[in-house]
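Report on one structure; see the data block that follows.
The values are calculated or read from the model by the stated rules, or taken from the named source; none is laboratory data. The shown structure was predicted, so the numbers you read here are calculated from the model rather than taken from an experiment. Note that we place each Cβ from the backbone using ideal geometry, even for glycine, and neighbour counts take in every protein chain shown. Remember, those area values only see protein heavy atoms, side chains included, never the ligands or the DNA or RNA. Shrake-Rupley method; radii C 1.70, N 1.55, O 1.52, S 1.80 Å.
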Amino acid sequence: MEIKQILLDENEISNAIEKIASELNGFYSGYQEVVLVSILKGSIVFTSDLMRKLKFPVGLDFMAASSYGDSTRTSGVVKINKDLDQPIAGKNVLLIEDIVDTGLTISYIRNLLASRSPKTLKICAFLDKPTRRQTELTIDFTGVRIPDKFVVGYGLDWNEKYRNLPYVAVLG
């Protein structure tokens, strides 16, 4: 597997983050605190960059889930590898995902967290591949819609490789 093309360069990534941060700052203006739940490992880079642009109080927690293994296609089975460290009952929660394609993983996590009685629960995704969607899903805050290509970089990986790239690239 090798890089075929750069899909989003560093400037385009920065602009997408500014856009999302502006939307979030408007939406959450006046909120006491919002718990950011970053879905590991891919979302950590996006979460890091995004949270520094937020102008409202935030808490931070992490979950890890997998459905890919070493493949470029989802297995369809979601496995929680790490759960939250803190309870979220009565809290405003923003799920942060690097990419949503089939929607199976984020839907599973959303339903799991919704069962824990948060005050509010919203989804923020850096990348969205709506043509791959296999479940009904609302993404409340979206950075960039992308075509049905397997992408790496900016936290996204294939077999634990390419996360460190400062851009998003098509792998093939």
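Just a few scattered comments:
- Across the chain, the relative contact order, built from alpha-carbon pairs under 8 Å that are at least six residues apart, equals 27 percent.
- Charged neighbours of N92, selected by a Cβ distance under 14 Å, balance to +1 (K, R count +1; D, E count -1).
- Residues of segment 31-144: accessible area per residue with a 1.4 Å probe, Å²: 46 Å²
- Assigned charges on the beta-carbon of Lys, Arg, Asp, Glu; segment 31-144 dipole about Cα centre (debye): 100 debye
- Note on segment 71-172: antiparallel DSSP beta bridges, both residues inside, total approximately 25 percent of the bridges counted.
- Within the shell of other residues whose beta carbon sits under 13 angstrom from the beta carbon of P118, the net charge comes to +3, with Lys and Arg scored +1 and Asp and Glu -1.
- Within the accessible surface of the chain, defined with a 1.4 Å probe on protein heavy atoms only, the carbon and sulfur portion equals 47 percent.
- With all pairs of separate Cα atoms included, the chain yields a Kirkwood hydrodynamic radius of 16.2 Å.
- All Cα pairs of segment 70-172, percent lying beyond 15 Å: 66 percent
- Environment charge at T131 (Cβ cut-off 12 Å; Lys +1, Arg +1, Asp -1, Glu -1): +2
- Gain in span if fully extended, K19 to K4, counting 0.36 nm per residue against the direct Cα distance: 2.7 nm
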